[in-house]
Amino acid sequence: MASAVGLLACPVCGEAGLTATSRRSRVGGLSCPAGHHWDANRQGVVNLLTGAGTRFTPDTPDMVAARDRFLGAGHYEPIAAAVATAVLDAFDALDARPGPAAVLDAGAGTGYYLDAVLTALAASGGSMPGAETDGVGSTEPGTGPGAARHRGPAAVATDLSPVALRRLTRAVPAALPLVWDTWRRLPLRDAAVDVVLAVFAPRNLPEFARVLTDGGVLVLVTPQPGHLDRLRRLTGMLAVDPDKEARVRDAVRGHFTVVAERDVDVPLRLGLDEAADAAFMGPAGHHLGAEELTARLSGVTPPVDVDARVTVHTLRPWSAD
């Protein structure tokens, strides 16, 4: 199986054939044949935006910490399970065992959902044994706490936040973490991956279609109207657009065909600290500080009962045939 590096294309010139240097079983840097080069930090995160910049603001360290606490407590475990099931079901439908060879998580954050997908693939026999990784996204036993269960599929994780990706390297040591803006042309070859995940993340549908194989699958997770509604009313979080699902359907037309959709409703009973984390870890964290959110919840008697309501969309690249 090709390593994660073999999936890449240079974000500057578009050349394939990137090579990696390794450092202590992690990537030390990436280079393209034309000479463009990026160094990795100590955790193996490669910032491909160096010198390019972006108009978007990455999640702050405090926002990332809030997300890590909230997800680590298992509150969204049913959503992660639904994402993993969507991937497995899509390949079962095509009788495509032993499973996908390459996964892109676009907007991966701390790697919570990617971890669930790779773990499910391995448990189902959907991983490719004996993969070589050239020191990137190492799958050799002993390279990290999740290495043994993630042996096989090459995984690329992109996010705008270097802080989030540093946490991802601990949760999903098999993945190649890249700092990148999802709204730009993705730094992958055409038809490079079998699965794209976009969970509560930007949806660059033309690029997702470009990098997916013909038999590949895109799994989107979008919030439904009413998602965390009580928490929204208590804290001033932005409401979900009531027309969001219609807009998603309009956006995918011409790029993807909807294969399946599953609504997931997760009742949550949260303490005040957990409720503050749930609000702060999302877009509200960019315009409402943690102290402000905590203050707005200070008069609330716990627990805070709220529903997480999302739709898991399974899509395949559109074909005129």
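For this structure, a couple of remarks:
- Take the Cα of D229, step 7 Å toward its Cβ, do the same at F56, and the gap between the two points is 2.8 nm.
- Each stretch of four or more DSSP H residues adds -39500 (n - 2.57); spread over every residue of the chain, this sum gives -8500 deg cm²/dmol at 222 nm.
- Note on the chain: with a GNM built from Cα contacts shorter than 10 Å, the maximum mean-square fluctuation among G111, G17, G44 falls on G17.
- Segment 55-89 versus segment 177-216: alpha-carbon centroid distance in Å: 18 Å
- Taking 7 Å steps out from each Cα toward its Cβ at A81 and A239 produces label points 3.2 nm apart.
- When the chain is treated as a Gaussian network with alpha carbon springs shorter than 10 Å, the biggest mean-square fluctuation among R210, R296, R185 belongs to R296.
- Normalised by residue count, the chain yields a Cα convex hull volume of 125 Å³ per residue.
- Packing here is the average count of other Cβ atoms within 10 Å per residue, and on that basis the peptides 259-272, 158-171, highest first, run 158-171, 259-272.
- Helices of the chain meeting both criteria, an alpha-carbon length of 18 angstrom or more along the long axis and an average Kyte-Doolittle score not below -1.0, with helices taken as full DSSP H segments, are 77-93.
- Residue separation of R249 and D273 scaled by 0.36 nm, minus their Cα-Cα distance, works out to 5.1 nm of gained length.
Read the figures in this text as sums done on the coordinates, not as results from a lab. For clarity, every value in this text was computed on a predicted model and none was experimentally measured. Because the Cβ atoms are built from the backbone with ideal geometry, glycine has one as well, and the counts that use them run over all protein chains shown.
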